[in-house]
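Beneath this line is the structure, given in structure tokens, with notes to follow.
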Amino acid sequence: MLSTVRCPEGAPYITHTHAHVLLSPVSLLRQALSAAVQFIMPGKRMSTSETTEPLTAELEPMTPTETQHGDINGKTQLKKELGLLEGVAIILGIIIGSGIFISPKGVLQETGSVGMSLTVWVLCGFLSMIGALCYAELGTSVPKSGGDYAYINTAFGSLPSFLFLWDANLIFVPTTNAIMALTFAKYVIQPFFPDCGMPDSAVRLIAALAICFLTFINCWNVRVTTKLQDVFMATKIGALLIVIIAGLVHLCMGNTQNFHNAFEGTTREPGQIAVSFYSGIFSYAGWNYLNFMTEELQNPFVNLPRAIYISLPLVTMVYVLANIGYLAVLSPAAMLASDAIAVTFADTVLSYGSWMMPILVALSAFGGLSVHIMTSSRLCFVGARQGHFPDCLALINYKCNTPTSSLVFLGFLSLIYLCTTDIYSLIEYASFVESMFILFSIAGLLYMRWTRPNMERPIKVCIIIPVIFLLICGFLVFLPLYVRPFEVGMGILITASGIPAYFLFVYWKNKPKIIRRALESLTIGTQQLFYSVKSD
């Protein structure tokens with residue numbers, strides 16, 4: 001028989017032992033009658049402490065001695081299956097996705113010149129590297145699941161960390177998923193519409209199918225997702241090598257005209273320069289996402305910083321060379337006129353082999369979307385486990401050991417953002433909010449240096465590094481206020497809307513019985529629908 005128990009907050013959970021029973025109207029009726037009899041004539045009942053553990057206000061720490069398996073002694077929890085190579089593959093898989101094939105146009109458009117656009121790409125790599133150094137300290141001194149969410153919570157408390165979680169799940173996580181899916185769809189369709197515009201409905205449909213399929217794969221098996229990254233990584237490297245080698249050969253043949261007077265036409269508007277960084281930062285986005293999966297990383301105190309140190313210099317070198325390759329073949333006007341830069345590049349230099357490029361880029365974007373869905377769902381899961389989101393999102397499928405409800409929830413939000421196919425507006429919209437909370441995380445690092453000087457820090461960077469990073473993040477967050485008032489204003493408005501949501505859903509403990517019952521029903525329904533239980 002299916003049994004439910006209540007944790008101290010009043011949220012029911014189906015126990016792991018009974019989760020395999022197939023639910024039917026007859027069994028549910030039998031359960032209800034049995035429960036009624038037990039209520040009138042109580043017998044021996046299992047205490048709450050024997051079945052579930054309450055959600056706590058503090059984030060759960062990770063320790064180097066934690067078990068290496070996710071299903072030990074009947075417990076259901078996320079498995080520690082990711083080593084150093086998998087960590088590097090995840091970072092590279094997220095960073096080298098769709099961005100390098102769409103962002104060069106956005107950077108060039110805002111900077112106004114070839115020389116300044118290349119400078120922005122180098123500076124974005126430098127910014128990501130010093131940011132990664134700061135996050136290596138944060139990830140080892142605050143070894144808790146959830147990345148920025150954990151760091152902001154440790155430094156500033158519950159409300160600021162809730163606002164990060166609110167914005168992450170309402171803005172930049174589903175928006176990034178939508179951007180990657182739209183990029184995949186546009187490169188898939190591009191060969192069929194070489195001389196005319198692509199139909200928006202077809203682009204949206206293919207993007208939606210990609211999100212749904214990859215959400216299902218991530219719900220099914222984490223190992224399948226990480227293994228697929230090996231295949232997708234080969235396509236990413238293949239596409240970028242084609243761009244780099246073909247571009248450098250073209251450049252060595254004397255085609256250097258696009259680099260003459262490289263800084264001519266550079267914008268002098270600081271706000272536009274800041275906006276140009278948004279497209280570059282989007283291409284580098286993901287260097288901090290392995291911090292979201294600390295709970296599934298083997299020996300995170302060693303493998304987390306190593307994965308970051310290996311990945312970021314490699315990505316910076318590849319991105320700069322790829323942009324030189326683009327600009328060696330395509331004029332600035334040609335780049336600005338193209339919606340699929342890599343395809344236009346291949347049509348110009350590869351002739352009969354140009355058909356390979358859209359396939360490689362589409363697979364690259366597809367792989368980036370897959371690993372982004374995997375990592376971002378853990379943020380939602382951890383937030384729900386700590387009581388900042390509904391309990392129904394803090395469940396793990398007892399067969400697959402995956403946070404299925406969180407994956408489906410974020411997949412649904414990602415589909416909503418497909419209402420527009422303007423990728424560059426989505427990039428600006430997401431990058432502003434994400435930069436704002438990275439600013440908070442680095443401020444938290446400096447604040448903890450001051451308030452907790454004796455805190456254990458396995459990695460401790462020079463104080464100048466987080467100070468420089470904080471100043472650069474401030475430049476990126478505040479200067480675009482008058483250049484992109486709508487995008488920035490909407491980001492601030494959605495962030496502010498999280499304040500009443502926090503007091504209504506988190507801070508307010510004594511909710512009316514009707515609300516508690518609705519949440520209980522939602523939790524039980526989610527467990528039954530996704531065969532999920534609370535993690536042990």
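Output yes when any residue across region 282-294 is at pLDDT below 80, open to solvent by 10 Å² or more (accessible area, probe 1.4 Å), under 17 Å from LEU82 (Cα atoms) and in contact with a strand residue (DSSP E or B) (Cβ under 8 Å, 6 or more places away or on another chain), and no when none is.
As a first pass, look at region 282-294 and keep what is at pLDDT below 80: 282, 285-294.
If we keep only those that are open to solvent by 10 Å² or more (accessible area, probe 1.4 Å) too, we end up with 282, 285, 287.
In the following step, the residues that additionally are under 17 Å from LEU82 (Cα atoms) were identified as 287.
Next, from what is left, pick out any that are in contact with a strand residue (DSSP E or B) (Cβ under 8 Å, 6 or more places away or on another chain): none.
Scanning region 282-294 turns up no residue that is at pLDDT below 80, open to solvent by 10 Å² or more (accessible area, probe 1.4 Å), under 17 Å from LEU82 (Cα atoms) and in contact with a strand residue (DSSP E or B) (Cβ under 8 Å, 6 or more places away or on another chain).
The single condition among (1) at pLDDT 75 or above; (2) open to solvent by less than 40 Å² (accessible area, probe 1.4 Å) that LEU82 does not meet is (1).
Across region 310-356, the qualifying residues are those that are hydroxyl-bearing (Ser, Thr, Tyr) and not in a helix (DSSP H, G or I), and the one among them that is farthest from the chain's Cα centre (by Cα) is SER331.
Would you call ALA342 at pLDDT 80 or above, over 24 Å from SER103 (Cα atoms), open to solvent by less than 30 Å² (accessible area, probe 1.4 Å) and among the hydrophobic types (A, V, I, L, M, F, W, C)? Judged against the criteria, ALA342 is not a match. Give the residue, chosen from GLU110, GLU137, that is at pLDDT 85 or above, closer than 16 Å to ILE273 by Cβ and among the acidic types (Asp, Glu). After applying the criteria, what remains is GLU110. Take the conditions within 19 Å of the chain's Cα centre (by Cα) and open to solvent by less than 10 Å² (accessible area, probe 1.4 Å) and apply them to ALA274. Does it pass? Against the criterion (within 19 Å of the chain's Cα centre (by Cα) and open to solvent by less than 10 Å² (accessible area, probe 1.4 Å)), ALA274 does not qualify. The set of residues from region 155-175 being open to solvent by 10 Å² or more (accessible area, probe 1.4 Å), part of a helix (DSSP H, G or I) and either modelled with pLDDT under 90 or of a type in the set (Gly, Ala, Ser) (or both) comprises ALA155, SER158, TRP166, LEU170.
Picking from residues in region 473-515 that are under 22 Å from the mean Cα position of the chain (by Cα) and of a type in the set (Val, Ile, Thr), the one that is most open to solvent (accessible area, probe 1.4 Å) is ILE492. Checking each residue in region 382-392 for being crowded, with 23+ Cβ neighbours inside 10 Å and within 14 Å of GLN527 (Cα to Cα) picks out ASP391, CYS392. Checking LEU379, LEU407, LEU395 one by one, the residue that is in contact (Cβ under 8 Å) with a residue 40 or more places away in the chain, in contact with a helix residue (DSSP H, G or I) (Cβ under 6 Å, 6 or more places away or on another chain) and either open to solvent by 10 Å² or more (accessible area, probe 1.4 Å) or closer than 14 Å to TRP166 by Cβ (or both) is LEU379 and no other.
Here is a list of conditions, (1) over 19 Å from the mean Cα position of the chain (by Cα); (2) surrounded by fewer than 23 Cβ atoms within 10 Å (Cβ to Cβ), and ASN221 meets all of them except one; can you say which number that is? With respect to (1) over 19 Å from the mean Cα position of the chain (by Cα); (2) surrounded by fewer than 23 Cβ atoms within 10 Å (Cβ to Cβ), ASN221 is out only on (1).
Condition test on MET335, is it in contact with a Lys or Arg (Cβ under 6 Å, 6 or more places away or on another chain) and modelled with pLDDT of 85 or more? Considered against the rule, which asks whether it is in contact with a Lys or Arg (Cβ under 6 Å, 6 or more places away or on another chain) and modelled with pLDDT of 85 or more, MET335 comes out as yes.
Note on region 106-124: residues that are of a type outside the set (A, V, I, L, M) and buried (at least 22 other Cβ atoms within 10 Å of the Cβ) amount to 6. Only one of the numbered conditions (1) open to solvent by 10 Å² or more (accessible area, probe 1.4 Å); (2) within 30 Å of ARG452 (Cβ to Cβ); (3) hydroxyl-bearing (Ser, Thr, Tyr) is violated by SER201, and that is (2). Quick check: is even one residue across region 513-526 in contact with a helix residue (DSSP H, G or I) (Cβ under 7 Å, 6 or more places away or on another chain), in a helix (DSSP H, G or I) and β-branched (Val, Ile, Thr)? Checking region 513-526: at least one residue is in contact with a helix residue (DSSP H, G or I) (Cβ under 7 Å, 6 or more places away or on another chain), in a helix (DSSP H, G or I) and β-branched (Val, Ile, Thr). Which residue out of LEU426, LEU418 is open to solvent by less than 40 Å² (accessible area, probe 1.4 Å), within 23 Å of TYR284 (Cα to Cα) and modelled with pLDDT under 85? Testing whether each residue is open to solvent by less than 40 Å² (accessible area, probe 1.4 Å), within 23 Å of TYR284 (Cα to Cα) and modelled with pLDDT under 85 leaves just LEU426. Scanning region 125-140 turns up one or more residues that are more than 26 Å from VAL506 (Cα to Cα), aromatic (Phe, Trp, Tyr) and either open to solvent by 10 Å² or more (accessible area, probe 1.4 Å) or not in a helix (DSSP H, G or I) (or both).
The values are calculated or read from the model by the stated rules, or taken from the named source; none is laboratory data. Just so you know, these numbers come straight off a predicted model, no measurement behind them. As a convention, Cβ positions derive from the backbone with ideal geometry for all residues, glycine included, and neighbour counts pool all protein chains shown. Side chains included, ligands, DNA and RNA excluded: accessible areas come from the protein's heavy atoms. Shrake-Rupley method; radii C 1.70, N 1.55, O 1.52, S 1.80 Å.
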